[in-house]
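Structure first, commentary second.
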Amino acid sequence: MDLITVKKCLLLTGIAWCVVIQPVKAEIEAQGIEGLEGDRPSDTDILYLSEIDLPLTTVEAWTAELAQSTVVPIVGVQFNTTETGVEMLFNTADGQLATPTTSVVGNALIADIPNAVLRLPEGDELQAADPAAGIALITVSNLPDERVRVVITGSESPPNAEFGADTQALIVNVFTVSSDDAEQADVEDAIQIVVTAERIPDEVQDVPISLTVLTEEQLEDAQIDSLEGISQNAPNFIFFPSSPGNTSSYTVRGLGNNNFLGRDAVGFFINGVPYDSGFFFDTLLTDLERVEVLRGPQNILYGRSSIAGVVNIITRPPSDDLEIRSAASYGNENLINLQLSVSDTVASDTFGFRVAGAFNRQGGLVDNVFLDENVGDRTEGSGFADLRWTPSENWEISLINTVRSSDNDGFTNQIEPFVAESNEIGFVQLNSNSQALKIAYNQPTFQVNSTTTRRFTNFERQLDADGTSDDRIRFPLETNTTVWSQEFRVQSPDDAERFRWLVGGYYEARNFESDGGFDLIGSGLSLTVTDLEQDTFAGFGQIDYKPIENLTLTTGLRYETNETHLDRDRRFEVPGGDSFPIGLDVDGEEQRSSAVLPRFAVEYRFNPNVVTYASATRGYRPGGLNFNTDFPEALEFDEETSWNFELGVKTTWLNDRVRANVAVFTNDVNDYQVALFDEAFLSSTVSNADVRINGFELELGAVPTQGLDVVAGFGFLDDEFTDFFNPLTGEDSSGNRLPFTPRFNYNLSVQYLASFGLLSRLELQGFGNYFFDEGNQFEQGPFALVNARLGYEHENYGVYLFVNNLFNTEYLVEQFGVGNRFSSFGDRRTFGVQVRASI
């Protein structure tokens, strides 16, 4: 570790120490209690409309509570029915109980009594079923950190409680809330979002990571069915789908797939299946339950490590009862989108299934002036089947099968926005399938999870390589990719609070076969045949520990080793069948790299509504072999490493009606991998550079009144090459900005659902300027997109009008070339009608 890194570590440690010595104590916790139904039906336990009743508490009171170290035994609990509900008396043998902290989750009021322990003749838990009208169940139990939890579940709505005390008893008067009062309380309800970003269910505000979560309802409201749509709602996550046949470009905090020859800097997971390569991402997503975008290096909590961040996509699980959901859209340019899912649980409630599919077709948006027809037709289909078996309460076994297929026109260049002049319409075809076997075994003291995945992808394309009306060069290419992975982890149970732990291992085998090159029409075919094998082995572990109530210390460690094996044959085939070798042949070339990757984090809860955290994480991207080069000295490229330092604050206000999160970070990257393109558009060289990235993310969410939701996000990046010499051009690019990295991006959505079912939604998504190359020659200026939606919802159906890119904004998503420029533009305005229904 160099001196600069040591100084940064000391500075971060000093800041974190100053943060965590504040002497306060308060906590809000939520258990998996049945959620309160809101105005819009939800088919999952992920969304909760909760009203948290937390009176303002002084620092002196928290300090006094923290100072109380004597644990008071509760030796008796009495229930007395009253006119309004029930009275509970907690009797002690010696000492006075402190006033509980309370929260409401769904229909349940939760009261935690600090510095107390149950010592009842009946045991460590007490239950009372239907003790009074409107109260379904009262449970009193011990928590592991010397607290007693009282859960009071209402029949239709959460009850209220008043607390009093005498010398040796705590008195709790519980009274029910009328349905009218409960409906009025919905005005102040806020959406609680449970995530599994750290492999343990947590409320999003309690996860010490810069994290964006899109819930099922948000995904449906915004009509998000692609990674491009996800990125437009997450700060510092950029995804640009390129012209058909080329690689999509994406970054998280400035790091992405610039070097697509090695491992992706961004980890993409769909139901636990790791995905890579931009060829395979610009596809249709369907029946989503949740999307989590984690920014910063993720080396421990996901099997495959990623130096930039993770995009975790989860589809909806099988439902308890029969459920059928459907949607159909029709729009301009012959846009057709169809979605259908069927789910149920059968066989004595032990076997559940969900089958879902989607189809999307749209006519060409580009006018080919040479052929006098529109090009760019897109046809896509996707589907999955999720089968889950729970033979006992301790076991859950899932098998998830996914298929995807697309058949699109292929073209390489727009001479101006939505205008091309190629003499040939190429094609791009993608067929992919994946399988994931998940086995979970749960015990009160630990849980075991195993995930085995396989993914196969076939990609074929043929493009008019020169992008003009001349009949000169074609780009034929076919690739086959097979990835097997096995992840195994053992960890503490979900309800562990003071001490959490996790250990695991990961293995991945990736085989990539490629057959493609240049078809010099009339002269012959320059063909390269590649067989690339990559193996990854990793072991990892993490510990979260609470030395005091509001302080959590986290430390994690990962060791990873990677092996790459390459066989490559390049030859020229002339008309008539003869061929001869050209370029570089590679037989059995190997490359190895490994790394030790630590993570340190400190989290402190100042009060029930303010959480701060600080973290330092080592990032790593393995080296590899460049199968596109003809130069022996350029065959191998070095591993990429980084140190990411981050500070964050997560806050909630006004009984959770307002949420505001901010994170600031700095990231120094050594040996940043840069794929450089030569005049033949081949990445013949992968160079290494040093990079510095500073930035921040700000996210806001508000429910000002019943039915009105406001979500906003802003990401900013100050990025540059601190040391980079381009060996192909001979230019010093130090001081230039990184490609595909907007200076800023932002999103704002305002949605209102009236009580009689009218829904209106307006979205604004903006981007700062960005470049397409390391030399900063090709640039797109700042721009903004506006989307709108108007509809009517009633119980189990909805009808909507929508328009995307309302003002038909023109913007580049790709530009490259040496001499001539090849360009591709984002989609122009699309509009139509959508119908949704469910039973």
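The values are calculated or read from the model by the stated rules, or taken from the named source; none is laboratory data. Owing to the predicted nature of the structure, the values given are computational and were not obtained by experimental measurement. Here Cβ is always computed from backbone atoms with ideal geometry, including for glycine, and neighbour counts include all displayed protein chains. Heavy atoms of the whole protein, side chains included, go into the accessibility calculation; ligands, DNA and RNA do not. Shrake-Rupley method; radii C 1.70, N 1.55, O 1.52, S 1.80 Å.
Sort out which residues of the stretch 549-599 are on the phi > 0 side of the Ramachandran plot and in a strand (DSSP E or B), and write them in order of number.
Once the filter is applied, which keeps residues that are on the phi > 0 side of the Ramachandran plot and in a strand (DSSP E or B), the stretch 549-599 yields only Gly588.
Could you list, in sequence order, the residues of the stretch 646-686 that are part of a loop (DSSP other than H, G, I, E, B) and not small (Gly, Ala, Ser)?
Leu654, Asn655, Asp656, Arg657, Phe677, Asp678, Glu679, Phe681, Leu682
Which of the residues that make up the stretch 788-816 are within 19 Å of Phe418 (Cβ to Cβ) and out of contact with any Gly (no Cβ under 7 Å at 6 or more places or on another chain)?
Val803, Asn804, Asn805, Leu806, Phe807, Asn808, Thr809, Glu810, Leu812, Glu814, Gln815, Phe816
Return yes when Glu549 is open to solvent by less than 50 Å² (accessible area, probe 1.4 Å), closer than 30 Å to Asp145 by Cα and either touching a residue at least 12 places away in the same chain (Cβ under 8 Å) or in contact with a strand residue (DSSP E or B) (Cβ under 6 Å, 6 or more places away or on another chain) (or both) and no when it is not.
yes
Output the number of the condition that Arg147 fails; it satisfies all remaining conditions of (1) open to solvent by 30 Å² or more (accessible area, probe 1.4 Å); (2) more than 16 Å from Thr84 (Cα to Cα); (3) within 35 Å of the chain's Cα centre (by Cα).
With respect to (1) open to solvent by 30 Å² or more (accessible area, probe 1.4 Å); (2) more than 16 Å from Thr84 (Cα to Cα); (3) within 35 Å of the chain's Cα centre (by Cα), Arg147 is out only on (1).
Residues of the stretch 421-441 being modelled with pLDDT of 90 or more, open to solvent by 40 Å² or more (accessible area, probe 1.4 Å) and aliphatic (A, V, I, L, M), which ones?
Leu437, Ile439
Filter the stretch 730-752 down to residues that are open to solvent by less than 50 Å² (accessible area, probe 1.4 Å) and either at pLDDT 95 or above or in contact with a Phe, Trp or Tyr (Cβ under 8 Å, 6 or more places away or on another chain) (or both), then give me how many there are.
Number satisfying all stated conditions: 14.
Hey, can you tell me all the residues within the stretch 442-469 that are open to solvent by less than 50 Å² (accessible area, probe 1.4 Å) and either at pLDDT below 90 or of a type in the set (A, V, I, L, M, F, W, C) (or both)?
Passing the criteria: Val448, Phe459, Arg461, Leu463, Asp464, Ala465, Asp466, Gly467, Thr468, Ser469.
Listed here are the residues, each with its yes/no results for (1) open to solvent by less than 20 Å² (accessible area, probe 1.4 Å); (2) under 21 Å from Pro739 (Cα atoms); (3) part of a loop (DSSP other than H, G, I, E, B); (4) not polar (S, T, N, Q).
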| position | (1), (2), (3), (4) |
| --- | --- |
| Val799 | no, no, no, yes |
| Val803 | no, no, no, yes |
| Leu806 | no, no, yes, yes |
| Asp827 | no, yes, yes, yes |
| Ala837 | no, no, no, yes |
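Name the one entry in Ser749, Ser733 that is touching a strand residue (DSSP E or B) at 6+ places or on another chain (Cβ under 9 Å), in contact (Cβ under 8 Å) with a residue 40 or more places away in the chain, closer than 20 Å to Ile693 by Cα and hydroxyl-bearing (Ser, Thr, Tyr).
Answer to the selection: Ser733.
Does Glu779 satisfy being open to solvent by 20 Å² or more (accessible area, probe 1.4 Å) and in contact (Cβ under 8 Å) with a residue 24 or more places away in the chain?
No; evaluated as a whole, the condition is false for this residue.
Can you tell me which residues in the stretch 513-543 are open to solvent by less than 20 Å² (accessible area, probe 1.4 Å), under 25 Å from Gly303 (Cα atoms) and either among the polar types (S, T, N, Q) or outside any strand (DSSP E or B) (or both)?
Thr536, Gln542
Could you run through the stretch 610-640 and say how many residues are open to solvent by 30 Å² or more (accessible area, probe 1.4 Å), touching a residue at least 60 places away in the same chain (Cβ under 8 Å) and assigned to a loop (DSSP other than H, G, I, E, B)?
Residues meeting the conditions: 2.
Inside the stretch 470-497, can you point out the residues that are surrounded by 16 or more Cβ atoms within 10 Å (Cβ to Cβ) and of a type in the set (Ser, Thr, Tyr)?
Thr479, Thr481, Ser485, Ser492, listed by residue number.
Run Gly701 past the list (1) of a type outside the set (Ser, Thr, Tyr); (2) touching a helix residue (DSSP H, G or I) at 6+ places or on another chain (Cβ under 8 Å); (3) crowded, with 20+ Cβ neighbours inside 10 Å and report the number of the one that doesn't hold.
(2)
Would you be able to tell me the number of residues in the stretch 375-392 that are touching a residue at least 24 places away in the same chain (Cβ under 8 Å) and open to solvent by 40 Å² or more (accessible area, probe 1.4 Å)?
8
Consider the stretch 218-235. How many of its residues are in contact with an Asp or Glu (Cβ under 9 Å, 6 or more places away or on another chain) and farther than 13 Å from Ser749 by Cα?
Of the residues in the stretch 218-235, 4 are in contact with an Asp or Glu (Cβ under 9 Å, 6 or more places away or on another chain) and farther than 13 Å from Ser749 by Cα.
Identify, by number, the condition in (1) surrounded by 16 or more Cβ atoms within 10 Å (Cβ to Cβ); (2) part of a strand (DSSP E or B) that Ser326 doesn't meet.
Every listed condition holds for Ser326 apart from (1).
Among (1) in contact (Cβ under 8 Å) with a residue 12 or more places away in the chain; (2) within 23 Å of Lys650 (Cβ to Cβ), which single condition is Pro575 missing?
Going through the list (1) in contact (Cβ under 8 Å) with a residue 12 or more places away in the chain; (2) within 23 Å of Lys650 (Cβ to Cβ), Pro575 breaks only (2).
Taking the stated definitions as given, is Ile135 of a type outside the set (Phe, Trp, Tyr), more than 21 Å from Asn609 (Cα to Cα) and either open to solvent by 20 Å² or more (accessible area, probe 1.4 Å) or touching a residue at least 12 places away in the same chain (Cβ under 8 Å) (or both)?
Yes, satisfied.
State all residues of the stretch 80-103 that are buried (at least 18 other Cβ atoms within 10 Å of the Cβ) and among the β-branched types (Val, Ile, Thr); if no residue qualifies, say none.
Within the stretch 80-103, Val86, Thr92, Thr101, Thr102 meet the criteria.
Looking only at the stretch 104-127, filter to residues that are among the acidic types (Asp, Glu) and open to solvent by 30 Å² or more (accessible area, probe 1.4 Å); which one of those is modelled with the highest pLDDT?
Glu125
Determine which member of the set Val711, Val649, Val662 is farther than 24 Å from Arg599 by Cα, touching a residue at least 24 places away in the same chain (Cβ under 8 Å) and open to solvent by 10 Å² or more (accessible area, probe 1.4 Å).
Exactly one of Val711, Val649, Val662 is farther than 24 Å from Arg599 by Cα, touching a residue at least 24 places away in the same chain (Cβ under 8 Å) and open to solvent by 10 Å² or more (accessible area, probe 1.4 Å), namely Val711.
Of everything in the stretch 709-762 that's β-branched (Val, Ile, Thr) and part of a loop (DSSP other than H, G, I, E, B), which residue is nearest to Gly775 (Cα to Cα)?
Per the stated criteria, the residue is Thr729.
I'd like the full set of residues that are farther than 14 Å from Asp276 by Cα and of a type outside the set (S, T, N, Q), limited to the stretch 444-465.
Pro444, Phe446, Val448, Glu460, Arg461, Leu463, Asp464, Ala465
Which condition breaks for Ser157 when tested against (1) open to solvent by 20 Å² or more (accessible area, probe 1.4 Å); (2) in contact with a helix residue (DSSP H, G or I) (Cβ under 8 Å, 6 or more places away or on another chain); (3) hydroxyl-bearing (Ser, Thr, Tyr)?
Among (1) open to solvent by 20 Å² or more (accessible area, probe 1.4 Å); (2) in contact with a helix residue (DSSP H, G or I) (Cβ under 8 Å, 6 or more places away or on another chain); (3) hydroxyl-bearing (Ser, Thr, Tyr), the lone unmet condition for Ser157 is (1).
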